[in-house]
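Quick notes on the structure that follows.
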Amino acid sequence: MIKEYFDISGFTVIKDDFISFELPFEAQAEKLYEDMFQAGIDNLLLDIGWYGNSVTLEGKFILLVIEDCNWEVPLYKASANEITGLKTEISKALEFVRRKIQ
């Protein structure tokens, strides 16, 4: 769960089925899917999901910040192929959202 690793105070968590950062990535393959995490604050939505093959682990996490339900033009988009990069990208996305709502 993301709230165990990051400060998401102020966000309304819609879904948090996120993987553990403490377990090996390969051991959590069955938990990889789109829409793993969604949380909103004001008119912004942070969406994180796995896009790829969860058996071969070929794919990537995609992080989006959506404003006013406009999925066609995300305000922010990032990706990561592995856990270390994912942690960094989540931190950046949360920082982006916090700056945007100030």
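Each value in this text was obtained by applying a stated rule to the coordinates, not by laboratory testing. Keep in mind that what you see is a predicted model, and the values were worked out from it rather than measured. Here the Cβ positions follow ideal geometry from the backbone for every residue, glycine too, while neighbour counts run over all protein chains shown.
Angle of helix 83-101 to the longest C-alpha principal axis of the chain, folded into 0 to 90 degrees and rounded to 10: 10°.
Excluding Ile14 itself, what net charge comes from residues whose Cβ is under 12 Å from its Cβ, given Lys and Arg +1 and Asp and Glu -1? Net charge in that neighbourhood comes out at -3. Based on Cα contacts under 8 Å between residues 6+ apart, the chain shows a relative contact order of 19 percent. Residue exposure proxy: Trp50, Trp71, ordered by other Cβ atoms within 10 angstrom of their Cβ from fewest to most, comes out as Trp71, Trp50. Sorting Val73, Val13 from the fewest to the most surrounding beta carbons within 10 angstrom yields Val73, Val13.
Extending 7 Å from the Cα toward the beta-carbon at both Tyr51 and Lys15 defines two label points whose distance is 1.5 nm.
Entry note: the chain has Rg to Rh equal to 0.95, where both radii use alpha-carbon atoms and Rh is the Kirkwood radius. Counting every pair of alpha carbons in region 23-71, the share spaced more than 13 Å apart comes to 59 percent. Shown for Asp16, Asp7: other C-beta atoms within 10 Å of each C-beta, ranked fewest to most, produce the order Asp7, Asp16.
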